[in-house]
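Visitor: Quick one: the structure is below, questions incoming.
Each reported figure results from applying straightforward, stated rules to the coordinates on display, with no laboratory input. These figures come from a predicted structure and were not determined experimentally. Because the Cβ atoms are built from the backbone with ideal geometry, glycine has one as well, and the counts that use them run over all protein chains shown.
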Amino acid sequence: MNEHGQPETQKKRRGRVFPVVFGVCLALLLVWAAAEIARFCLTVIVPVSGSSMERTISDGDVVYAIPSAEPERGDIVLVDTSESDYFRAADAEVTTVIKRLVAVGGDVIKCEDGVVWRKEGGGDFFPLDEPYAVGITPDFGPVELREGEIFFLGDNRASSLDSADLVRDGQPLLLRQDIVGVVPQWAVALKGVITPVEGFRLTVGNWLRGLFS
């Protein structure tokens with residue numbers, strides 16, 4: 001017993017608990033910091049505006065995109081439209097759009113009776129399985145994509161300015177180099193978490209800037 005009537009073993013036990021708790025907290029802090037660094041270095045934050053990707057991504061959602069990812073057919077991509085006269089005329093303030101990549105150079109793409117068909121590398125046309133699509137896709141094509149060209153559509157086919165509009169108006173398609181990021185599936189699945197987290201970060205960031213400005 002010590003002078004306070006506490007057994008020495010209990011005092012020693014408490015002395016051992018503190019370093020363990022401190023170590024766990026430190027480890028969690030380091031993991032969080034590493035995740036923050038990885039997020040900052042490997043991804044870009046994408047606030048979504050508009051309904052062209054409903055129901056996959058809604059107006060007001062925030063997702064992450066990976067600039068270094070190699071886009072594949074079916075991926076959700078960020079496309080830089082700043083060099084397109086057609087997109088600038090539609091909305092000069094919007095320089096990047098988020099859409100779904102449905103065809104690449106060498107493909108032939110068309111839509112008949114609301115069904116999108118694709119032919120790859122000289123093969124046969126096959127209908128795309130598009131469970132994400134909302135509404136009826138207006139007919140277009142067939143369009144044979146040259147090397148480097150891309151064809152993208154919004155998931156909300158009734159409310160999207162995309163490659164189908166370019167084709168209908170005789171405008172040039174955009175290029176692979178105009179894709180500036182790929183939105184991974186995990187970012188779409190976690191949009192309900194990412195959106196409030198990034199909203200909180202923005203609020204704190206604005207508060208800190210106001211505090212030190």
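Visitor: Pairs of alpha-carbon atoms within less than 8 angstrom and 6+ residues apart define the contacts here; what relative contact order does segment 45-189 have, in percent?
Guide: Relative contact order for segment 45-189 comes out at 30 percent.
Visitor: Between Ser82 and Asp124, take the C-beta separation as r, use R0 = 30 Å, and let me know the FRET efficiency to the nearest 0.05.
Guide: 0.25
Visitor: Quick check: the distance between the Cα centres of segment 46-79 and segment 150-213, to the nearest angstrom?
Guide: 4
Visitor: Here's something else I'd like to know. Pop the C-beta distance of Ala90 and Leu26 into the FRET formula with R0 = 45 Å and round what comes out to the nearest 0.05.
Guide: Once the sixth-power term is evaluated, E becomes 0.30.
Visitor: Stretch Leu190-Glu70 to full length: gain in nm at 0.36 nm per residue minus the Cα-Cα span? Intermediate values should be presented prior to the final figure.
Guide: Details: separation 120, 0.36 × 120 = 43.20 nm, distance 2.09 nm.
Full-extension gain reported as 41.1 nm.
Visitor: Setting aside same-chain residues fewer than 8 positions from Lys119, which aspartates and glutamates have a Cα under 18 Å from its Cα?
Guide: Qualifying aspartates and glutamates at Cα under 18 Å: Glu72, Asp75, Asp107, Asp129, Glu130, Asp139, Glu144, Glu147, Glu149.
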